[in-house]
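Please treat every number below as a calculation from the coordinates, not as lab data. Small disclaimer: the values here were computed from a predicted structure and weren't measured. Here the Cβ is made from the backbone with ideal geometry for all residues, glycine too, and neighbour counts use every protein chain on show.
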Amino acid sequence: MLTLIRSCAFALMAFGFIGNSNGQAPSASAPVELSAGIRDQVAKVIPKTEPAAPLRLIRGVVESGGAKPAAERHFELLDSGLWGVTLVITVRGAIIRRSLTLQGLLPLATVSEIAREYDSASLVPIGKIFLSFSVTKDLKANGSTNTTALSGGLEQMVVPTMGSKFSFEQAWDAQTSVTTSGLFGGTRTSNLNLGLKQTCTAEKEGDAASLHGKLRGKYLLVNCEGALSNGSARSDQYAFLPDSGIYILLSTATDGRADKYTITDVEYAK
C-alpha cells in the first residue's frame, strides 16, 4: 500500500466535481485553475463530438504493495470537453484523488486528500537487545498539481488507432502538505517542479468485454514508457475505449513499484 500512498502524496490530484458512490458530491478542495495558454492548447485537440457511451463509474480493486483495497473511479465529461476523473480508495480511512484530464490519460490539474491510519514499526533498546513494536498513527495529506508546460503529439493521443504511436512531455508545479501523529509527528510542506516524458504505443485491439462484461465496444491496449524529471522510470498501461472516448488506467509503475487495477463493475452515464 505504500506504493499508492507515495504516489498520491507525490502527485496529489484534482477537482471536486464528481459524486461518490451514493451520488453525493464530495467536499471540494480549493480549485486549481489552468493557465490560459494550457487551456487554449488543449482546446485545439479536444474531440468535437460527444462519445456514444460516456462512462460514469468503474468499481474494482487496486493491488499496491501487497494490499488490495477497494477503488472507485468516477468519470464526468465536462462542457469544456475535458474529463473529470475522481479516484476514491477506502483503506483504514480514505484516499481521494481528483483530476482534470485530457481523455483520462493526461492529468492537467489535480487535487488529492489522504486521511487514514498506518502502522509504524519501531525498535526500542532494552539492555543489549532491541524490542520491535508497531504503533498506529494518523496520516493526513493534501496537495495539488498544475500543468505549466505541455508538448507532443496531442492530436494522436485523443484519437489513437491500432499501431499508432505518440509522445508527450509535461511539466507541472506541485504543492503538498503532510501531517502525521505521534511522538515524532508534525506537518511538512513542500513545493516541487516536476516533469514527465513518455512515448505511448497502441499495441493491440480487443473486445472491451474481455476486461469486464459490462464494457461496450472495442478497446485499444496502450503502453506508455518514459521517465520523470527526477530520473525515475515510469510505465503506464491503459485501455482506450473508442465508444467512450477515454483512457482507463490498468496499471502504473514507478521504478518497478507497481499498482494494478482490476475492474469489478461498470456504469455508463447513458
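Miscellaneous remarks
- Simple spin-label estimate for Ser80 and Lys204 in nanometres, 7 Å along Cα-Cβ: 3.6
- The mean of 1/r over all pairs of different alpha-carbon atoms in the stretch 142-270, once inverted, gives a Kirkwood hydrodynamic radius of 16.8 Å.
- Two-site label geometry, Glu33 and Leu194: point separation in nm, points 7 Å out along Cα→Cβ: 2.4
- Among 154-165, 90-101, 211-222, sorting by the average number of other beta carbon atoms lying within 10 angstrom of each residue, highest first, gives 90-101, 211-222, 154-165.
- Across the stretch 29-92, the volume of the C-alpha convex hull divided among the residues equals 141 Å³ per residue.
- Residues Cys200, Cys224 in ascending order of nearby Cβ atoms (within 10 Å, fewest first): Cys224, Cys200.
- Straight-distance crosslink candidates among aspartates and glutamates, where the alpha carbon sits under 18 Å from Lys218 and sequence neighbours closer than 8 are dropped: Glu50, Glu203, Glu205, Asp207, Asp243, Asp265, Glu267
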